[in-house]
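The values are calculated or read from the model by the stated rules, or taken from the named source; none is laboratory data. Only a predicted model underlies this, so the values are computations on that prediction, with no experimental measurement involved. All Cβ positions, glycine included, derive from the backbone under ideal geometry; neighbour counts span all protein chains shown. Note: accessible area is taken over every heavy atom of the protein model, side chains too, but ligands, DNA and RNA are not part of it. Shrake-Rupley method; radii C 1.70, N 1.55, O 1.52, S 1.80 Å.
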Amino acid sequence: MKVFRLSHSKNDISSGPHKIIIKNMENKTKKEAVSTESYKGVRDFYPADMAIQNYIFSKMKKTAESFGYSEYGASVLEYADLYKAKSGEEIVNEQTYTFKDKGDREVSLRPEMTPTVARMIAAKQKELSFPLRWYSIPNLFRYEKPQRGRTREHWQFNVDIFGVKNINADVEVISLTSALMKSFGFKDSNFEIRVNNRKIVNYILNDLFALDENTAKIISKLIDKKDKMKAEEFNKAIQETIPERSSELLQLLNSKNFEEFVSHLPKSAELQEGIIETKELIKRLEDLGITNVVFSQSLMRGFDYYTGTIFEIYDTNPENIRAIFGGGRYDDLLDIFGKDKVPAIGFGMGDVGIRNMLETYNILPAIVAPAELYICIQNENSIGFAQDLAQKLRNNGLKVSVDYSGKKFGDQIKYADKNKIPFITCIGDEEVKNGKFKIKELTSGEEIILSDNEIVDGIRKISSN
Ligand code: HAM
């Protein structure tokens with residue numbers, strides 16, 4: 001970027017015939033100014049948003065830890081090959097940010113965490129003692145069309161259990177999702193847990209309809225979008241893709257419930273495992289008091305690595321139409337690293353969808369004030385004294401900030417009020433001399449006079465009333 005310097009010598013060109021040139025230069029400088037917009041589809045977190053983000057993360061962490069899960073982390077950069085092996089095609093080809101580094105290596109910004117955690121486990125498989133219960137809240141990057149509930153960077157709560165082949169793990173992770181939703185204050189009626197099973201899906205596409213790989217992909221993508229499409233539009237697309245057997249598939253997909261769906265299927269041995277697992281999963285969750293679980297034959301999940309149970313959670317309010325959580329069982333993912341199989345099941349839950357949902361139900365937490373006490377200053381001479389007092393109070397656990405604006409008391413108090421700081425005290429010559437401070441609660445107007453070592457307890461007492 002060019003920087004134009006204006007001369008202030010006696011040949012100053014800001015007047016006279018040169019004036020017009022200067023104007024053009026100014027325009028040019030303005031045009032070249034760097035944009036304040038963030039990159040498309042990512043978000044800046046100003047303090048109010050950061051507070052909400054931290055609140056959401058704290059609930060996620062607390063819930064995972066209450067089930068005995070340990071936190072892990074990894075870099076946002078991965079070799080691109082990691083995703084080529086077994087993610088969904090759409091994620092790899094259309095949505096991954098991939099570039100060559102200076103050493104000509106193909107690198108991706110992680111679009112999901114599952115391949116990373118599988119890689120980490122494969123790398124230390126012999127040292128780790130299974131089962132592993134792990135969680136993480138990574139930021140992920142997907143080149144998607146930004147829209148409500150979908151951004152190009154999101155944070156995703158990942159919870160996975162490795163080393164348990166039986167249905168108990170499926171029950172555990174789904175019950176964890178339910179516990180998390182309850183911890184935010186949602187009721188069962190506010191959300192729906194939709195389940196399906198890849199064994200059933202694969203049987204229908206590969207055995208019952210014997211579709212070739214390409215047609216199976218088109219059909220499963222269509223089914224995945226079924227709930228977001230108009231019925232005629234969906235039926236037409238199915239008819240065009242598999243004209244001879246479209247009515248058979250549509251009958252299956254339009255089943256009212258699991259029993260009706262199963263009644264349309266042949267009594268094949270290959271199918272039984274998926275049916276039994278799904279029935280048991282729903283029953284076991286019901287036994288735990290989780291009654292908002294429904295079978296959804298149109299639930300597909302976009303990733304190639306799922307092998308059994310798949311599930312997604314949806315808001316029942318139509319304002320948020322996209323999945324809030326998505327996950328499933330993936331027993332073969334470690335294969336790609338040439339390691340022994342480790343059965344696994346888990347889910348991802350994005351920060352964007354859950355924040356929208358908290359807003360929809362009006363249950364966002366109240367904004368937390370940056371400090372508990374604001375020290376207003378009468379004149380410059382009191383600053384050193386105020387800083388000492390503030391430090392003493394901070395050492396005793398109080399959050400304190402000091403005003404350095406030099407403005408009138410009234411303006412300093414207004415600032416505290418605007419920032420929702422609950423208590424103020426004003427320091428001038430008298431307070432410095434006497435060591436007594438008038439502490440005022442801004443909402444009630446209540447005032448008490450305290451010496452420095454009484455302030456923390458005094459504020460705590462008023463706050464707890
Ligand atoms: P996913 O369905 O791609 O699954 O993402 C899980 C959740 O992340 C979604 O339900 C949604 O809440 C959120 N999410 C995904 N993409 C975006 C986006 N562009 N913007 C905002 N939120 C988004 C996975 O990623 C699997 N790896 C999850 C998993 C973990 N499966 C087993 N373990």
- Message: Report every pair of residues separated by at least 6 positions or lying on different chains whose Cβ atoms are under 9 Å apart, first residue within the stretch 263-274 and without any contact (Cβ under 8 Å) to a residue 40 or more places away in the chain, second loosely packed, with under 15 Cβ neighbours inside 10 Å and of a type in the set (S, T, N, Q).
- Response: HIS264/GLN251
- If you take the residues of the stretch 146-194 that are part of a strand (DSSP E or B) and β-branched (Val, Ile, Thr), which of them is farthest from the ligand (Cβ to nearest atom)? ILE193
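Conditions tested, residue by residue: (1) surrounded by fewer than 22 Cβ atoms within 10 Å (Cβ to Cβ); (2) hydroxyl-bearing (Ser, Thr, Tyr); (3) away from the ligand (no atom under 12 Å from the Cβ).
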residue: TYR330; (1), (2), (3): no, yes, no
residue: LEU333; (1), (2), (3): no, no, no
residue: ILE345; (1), (2), (3): no, no, no
residue: ARG355; (1), (2), (3): yes, no, no
- With respect to GLY397, determine if the residue is under 30 Å from CYS426 (Cα atoms), of a type outside the set (Ser, Thr, Tyr) and in a loop (DSSP other than H, G, I, E, B). yes
- Message: Which count do you get for residues in the stretch 84-114 that are over 17 Å from HIS154 (Cβ atoms) and of a type outside the set (Asp, Glu)?
- Response: 12
- Note on the structure: Counting only helices (runs of 4 or more DSSP H) entirely within the stretch 202-261, those with at least 3 residues that are hydroxyl-bearing (Ser, Thr, Tyr), out of contact with any strand residue (DSSP E or B) (no Cβ under 6 Å at 6 or more places or on another chain) and open to solvent by 60 Å² or more (accessible area, probe 1.4 Å) are none
- Of all residues in the stretch 322-353, how many are among the hydrophobic types (A, V, I, L, M, F, W, C), touching a Lys or Arg at 6+ places or on another chain (Cβ under 9 Å) and more than 23 Å from ILE282 (Cα to Cα)? 5
- Would a scan of the stretch 285-296 turn up a residue that is within 16 Å of the ligand (Cβ to nearest atom) and either among the aromatic types (Phe, Trp, Tyr) or surrounded by fewer than 22 Cβ atoms within 10 Å (Cβ to Cβ) (or both)? yes
- Filter result (free of Cβ contacts under 8 Å to residues at least 40 places away in the same chain, open to solvent by 60 Å² or more (accessible area, probe 1.4 Å) and under 13 Å from LEU373 (Cβ atoms)) within the stretch 418-453: LYS438, LYS440
- Message: Being in a strand (DSSP E or B), within 13 Å of the ligand (Cβ to nearest atom) and either modelled with pLDDT under 95 or touching a Ser or Thr at 6+ places or on another chain (Cβ under 7 Å) (or both) is the filter here; which residues of the stretch 103-134 pass it?
- Response: ARG133, TRP134
- Item | Qualifying residue in the stretch 94-101 (condition: loosely packed, with under 13 Cβ neighbours inside 10 Å, assigned to a strand (DSSP E or B) and touching a residue at least 12 places away in the same chain (Cβ under 8 Å)) | no
- Might you check whether a residue that is over 29 Å from GLU213 (Cβ atoms) and under 18 Å from the mean Cα position of the chain (by Cα) occurs anywhere in the stretch 120-131? no
- Item | Yes/no for LEU271 being open to solvent by less than 20 Å² (accessible area, probe 1.4 Å), within 16 Å of the ligand (Cβ to nearest atom), under 19 Å from VAL201 (Cβ atoms) and in a helix (DSSP H, G or I) | no
- Which listed residue is among the hydroxyl-bearing types (Ser, Thr, Tyr), in a helix (DSSP H, G or I) and more than 16 Å from the ligand (Cβ to nearest atom), from TYR415, TYR404: TYR415
- Any pair with Cβ under 7 angstrom, 6 or more apart, that starts in the stretch 360-374 at a residue that is among the small types (Gly, Ala, Ser) and ends at one that is crowded, with 16+ Cβ neighbours inside 10 Å: ALA369/ILE421; ALA369/PRO422; ALA371/VAL400; ALA371/SER401; ALA371/ILE421
- Note on the structure: The number of residues in the stretch 371-389 that are within 18 Å of GLY435 (Cα to Cα) and surrounded by fewer than 20 Cβ atoms within 10 Å (Cβ to Cβ) is 9
